[in-house]
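Enquirer: Please find one structure pasted underneath; my questions will follow.
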Amino acid sequence: MRIYFETTVFNRYFEDGREYSTETKRLFDMIPSRDIEAFTSAAVLEEINNAPESKRRQMLDLIKRFHMTVLEVDQPAYDLADIYVEMGIIPARYRLDGVHIAMAAVNDLDCIVSLNFHHINKLKTKTATEIINRMKGYTNPYICTPMEVTVNEKGL
């Protein structure tokens, strides 16, 4: 499975005791076994670079430690994100959230893992971006939580 890691997942990795922290660590642990191929983007790096120094170093280290592929944001992703904003799916002020979804779509990834329940991982965003992605000829990455990726058929 080819997965895009959005910024909130990197944050949660270091927030022990918070909801989804255990599942987030489990998700990262799946990377070395090749159960998943991990991607992130220059847009995530941009957000990480705004974090306090100690947290920034930790999050950047995760990308290196797990050998994640960092995708450059290209014009098709910006264009798709702009459509999400124009259609009122993503607020203009949070355009970068749209860029994350668009990056997963234009790079034909299976899903985007996000704990951003304000603009990314919510029903309105999931349904509306699916319509737009398909209308523009892209596949639709499933927007999910770490738990949805890590829980197996037995519920473990």
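Enquirer: Please tell me the relative contact order of segment 1-139 in percent, rounded to the nearest whole number, where contacts are Cα pairs under 8 Å and at least six residues apart.
Expert: 29
Enquirer: Give me the accessible area per residue for the chain, probe 1.4 Å, as a whole number in Å².
Expert: 52
Enquirer: Can you list residues from other chains, or at least 5 along the same chain, whose modelled amide H is less than 5 Å from the amide H of GLU37?
Expert: So GLU37 has HN proximity to ARG2, ILE3.
Enquirer: Near LYS122, within a Cβ-to-Cβ distance under 15 Å, what is the net charge of the other residues, with Lys and Arg +1 and Asp and Glu -1?
Expert: -2
Enquirer: Sequence-distant or interchain residues sharing an amide H contact under 5 Å with VAL73, placed H: which?
Expert: Distant-sequence amide H within range of VAL73: ALA42, ALA43.
Enquirer: When only DSSP loop residues count, what trypsin sites (Lys or Arg not before Pro) in segment 6-98 have their Cβ near at most 16 other Cβ atoms within 10 Å?
Expert: Sites meeting the loop and neighbour criteria: ARG18, ARG34.
Enquirer: Towards the positive end of the charge dipole of segment 28-99, with charges on Cβ (+1 Lys, Arg; -1 Asp, Glu), say which of VAL44, TYR78, ILE90 has the farthest Cα.
Expert: VAL44
Enquirer: Any idea what the dipole of segment 1-73 comes to, in debye rounded to 20, about its Cα centre with Lys/Arg Cβ at +1 and Asp/Glu Cβ at -1?
Expert: 200
Enquirer: Still on this structure, please answer the following. Under 30 Å Cα-Cα from LYS25, which lysines qualify once same-chain neighbours fewer than 8 residues away are excluded?
Expert: Straight-distance partners of LYS25: LYS55, LYS64, LYS122, LYS124, LYS126, LYS154.
Enquirer: For a quick check: with amide H placed at 1.01 Å from N, whose amide H comes under 5 Å from TYR142's, ignoring anything fewer than 5 positions away on the same chain?
Expert: CYS111, ILE112
Enquirer: What is the dipole size for the chain, taken about its Cα centre, with +1 at each Lys and Arg Cβ and -1 at each Asp and Glu Cβ, in debye to the nearest 20?
Expert: My answer is approximately 260 debye.
Enquirer: Got a sec to turn the phi values of segment 32-42 into Karplus ³J(HN,Hα) couplings, 6.51 cos²θ - 1.76 cosθ + 1.60 with θ = phi - 60°, whole Hz, x for Gly and Pro?
Expert: My calculation for segment 32-42 gives x, 7, 6, 5, 9, 9, 9, 10, 9, 8, 4 Hz in order.
Enquirer: With θ set to phi - 60°, apply the Karplus curve 6.51 cos²θ - 1.76 cosθ + 1.60 along segment 121-129 and write out the HN-Hα couplings as whole Hz, x wherever there is a Gly or Pro.
Expert: Using θ = phi - 60°, the values come out as 8, 8, 4, 4, 5, 4, 6, 5, 5 Hz.
Enquirer: Moving on to the next point. Find which of PHE10, TYR138, ILE101 sits farthest along the positive direction of the dipole of the chain, computed with +1 on the beta-carbon of Lys and Arg, -1 on that of Asp and Glu, about the Cα centre.
Expert: Comparing the listed Cα positions along the dipole, PHE10 ranks first.
Enquirer: Could I ask something else about it? Leaving ligands, DNA and RNA out of it, report the carbon-plus-sulfur percent of the accessible area of the chain at a 1.4 Å probe.
Expert: Answer for the chain is 50 percent, counting heavy atoms of protein chains only.
Enquirer: Just how far, in whole angstrom, is segment 56-97 from segment 11-35 if you go by their alpha carbon centroids?
Expert: 20
Enquirer: Tell me, what HN-Hα J-couplings in whole Hz come from the Karplus equation 6.51 cos²θ - 1.76 cosθ + 1.60 at θ = phi - 60° for each residue of segment 10-22, using x for Gly and Pro?
Expert: Running phi through 6.51 cos²θ - 1.76 cosθ + 1.60 with θ = phi - 60° gives 5, 4, 5, 3, 9, 10, 3, x, 7, 3, 6, 5, 5 Hz.
Enquirer: Run the reach check for LYS136 against aspartates and glutamates, Cα to Cα strictly under 19 Å, same-chain hits fewer than 8 apart removed. What comes back?
Expert: Output for LYS136: ASP74, ASP79, ASP82, GLU86, ASP97, ASP108, ASP110.
Enquirer: Something else about it: Using only the alpha carbon atoms of the chain, find the Kirkwood hydrodynamic radius as the inverse mean reciprocal pair distance, in angstroms to one decimal.
Expert: Taking every pair of different Cα atoms in the chain, averaging 1/r and inverting gives 15.6 Å.
The values are calculated or read from the model by the stated rules, or taken from the named source; none is laboratory data. Because the structure is predicted, anything quoted here is derived from the model rather than measured. Cβ sites come from the backbone with ideal geometry, for glycine too, and all protein chains shown count toward neighbours. Please note that ligands, DNA and RNA were not included when accessible areas were found on the heavy atoms of the full protein model with its side chains. Shrake-Rupley method; radii C 1.70, N 1.55, O 1.52, S 1.80 Å.
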